[in-house]
Amino acid sequence: MSTENEGASVPSAAEPRPESPTSPPADAPASAGERTAQLPPVALEKEAPAPAASSAPATTSTPAEPAASAASAASAVDPATGPEYGQQTPPTTPPTTPPAEAPTAQFPAGPPQPAYNATNATNATGVPMPGTPDAGQWYGGAAAPPPYGAAAAPWGAPTPPPRRGRSGGLVAAVLAAALVAGGVGGGVGFWAAKGSDDSSTTVSASGDPKIESRTPGSVADIASKALPSVVTIEAQSSNGEGGTGTGFVYDTQGHILTNNHVVASAADSGKLSVTFSDGKNYDAEVLGRAQGYDVAVIKLKNPSGAKLTPLPLGDSDKAAVGDATVAIGAPFGLSGTVTTGIVSAKKRPVASSDGGSGGQASYMSALQTDASINPGNSGGPLLNAQGAVIGINSAIQSAGNGGGGFGGGQGQSGSIGLGFAIPINQAKNVAQQLMKDHTPIYPVISATVNMKDNVNGARIASGGDGSSPSVTPGGPADKAGLKPGDVITKLDDTTIDSGPTLISEIWTHKPGDKVTVTYVRDGKQATTEITLGERRGDKVG
């Protein structure tokens, strides 16, 4: 039967039943009002949670019918073929006057009820049951909200067939189950969704391709590809002192890129070992290191058997503030640790106080990141959202002593969201120099600047180191006309606010590059062009 006019067949108490325009057959069944009075008690079994739309109250009952009417209804209605709930059936003879009291007068008029299809309900023997609401509208049905703890039916999934009814003797058990349904939660939900057939709406998590294959470009995807190429480095000096740092595979010949301060203790007659993510360990040696840049290249002594997959190198000049970052390393010895953040600043001048022997600092125009970086992350890669290396993690700001670097001061510092990485464009140039002749090359202006002046610039010192002048005669600064006492305020378009900032910015260039310098002398501003010179090797002492 169509559900289009469902719910309109029961007249309200205030209206007389309309007369049938035609006479029904003589053997027509009793009126619908009489049949709807015979609600089978087994329908209570499906009243676990109520549906969203309200139906007739469960406590409402129709008045007792005369014995003759009841007998007539009992003989006229066949349980196997009876009409659907609420269907209007013409009476045997057209009534001349409305009944004194409509049999359905006790059902109050209310908002339209959900369409029910009684033909879907069956009893224990599989025979359709008249007057039973559609199983699809009740607990466990396809149209009902999924029970607590059950997976929602996927779009387009077939609607499971209704469950078979149970005998009236189980009503008490069903009501008791409804009372404890909230307590067992997911268990009841799973049972209701799965049922006993193969058309379950329950979704199994095993073998889910979205779990087995992460979304390309996700942090999990980047980490899974990069981790096999990130190594933990153990450095030990000849007297037994040392520490743990990180490095990453630079090429297929066994070269590893890391920080100078990670391997400095093992550079002279020390011991160096490298451990990959698969647990395999290899001995290594320092191929070259640049204390001023805080960059070093080490090489596996016997790379056979090692899985050498170089990490792709990005373009650190194209990194933008707000770009996503992924840092990988061994903070406090916890190898294979992955953290995330963003590029929080660029061209941040940093002087790291633990850059190598002799207490000399390393300088960098760093990428700043809020990715969690701690002691042990030194030398590890800072990756962008494409999984390419944009920097080498090298220093952090310490809240304890106010300085940069790892492990300096009175104790080990921890991450406060201010980490600094050497831009990979600079580190790559240094690495190529170290692999070529094992010696770093620095661009210079051949002038000594004060490192602690607070003059909003870099002041050229009045005197040089020892007996040497502050401006080397015939050097780049001298040729450009700079003199002691001049305050450099700009290098190209970068503002210079201190001596460390000037050095950091100069070291982003190569020897032979031409730069424009803005300076102040006797209160007057001027500009000049300098062709950068070079210095080979690190100063000692």
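Okay, residues lined up against (1) open to solvent by 30 Å² or more (accessible area, probe 1.4 Å); (2) part of a helix (DSSP H, G or I):
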site: 451; (1), (2): yes, no
site: 454; (1), (2): yes, no
site: 463; (1), (2): yes, no
site: 467; (1), (2): yes, no
site: 478; (1), (2): yes, yes
site: 482; (1), (2): no, no
site: 490; (1), (2): yes, no
site: 502; (1), (2): no, yes
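No other residue among 395, 421, 399 is outside any loop (DSSP other than H, G, I, E, B) and modelled with pLDDT under 95 apart from 395. Screening residue 307 on (1) basic (Lys, Arg); (2) more than 21 Å from residue 372 (Cα to Cα); (3) without any contact (Cβ under 8 Å) to a residue 60 or more places away in the chain shows it passes everything except condition (3). Residues considered: 495, 439. Of these, the only one that is under 51 Å from the mean Cα position of the chain (by Cα), of a type in the set (Ser, Thr, Tyr) and within 30 Å of residue 399 (Cβ to Cβ) is 495. Taken over the stretch 303-323, the criterion of being among the small types (Gly, Ala, Ser) and open to solvent by 50 Å² or more (accessible area, probe 1.4 Å) is satisfied by 304, 305. Pairing each residue of the stretch 277-302 that is closer than 30 Å to residue 500 by Cβ and open to solvent by less than 10 Å² (accessible area, probe 1.4 Å) with any residue that is in a strand (DSSP E or B) and charged (D, E, K, R), provided the two are 6+ apart or on different chains, yields C-beta distances under 6 Å for 296/289.
For the subset of the stretch 240-253 comprising residues that are more than 21 Å from residue 388 (Cβ to Cβ) and not in a strand (DSSP E or B), which member is most open to solvent (accessible area, probe 1.4 Å)?
Looking at residues that are more than 21 Å from residue 388 (Cβ to Cβ) and not in a strand (DSSP E or B), I get 241.
The values are calculated or read from the model by the stated rules, or taken from the named source; none is laboratory data. Here the structure is a predicted model, which means the values were calculated and not measured. Cβ coordinates were reconstructed from backbone atoms using ideal geometry, including for glycine residues, and neighbour counts include every protein chain displayed. What goes into the accessible areas is simple: the full protein's heavy atoms, side chains included, and nothing from ligands, DNA or RNA. Shrake-Rupley method; radii C 1.70, N 1.55, O 1.52, S 1.80 Å.
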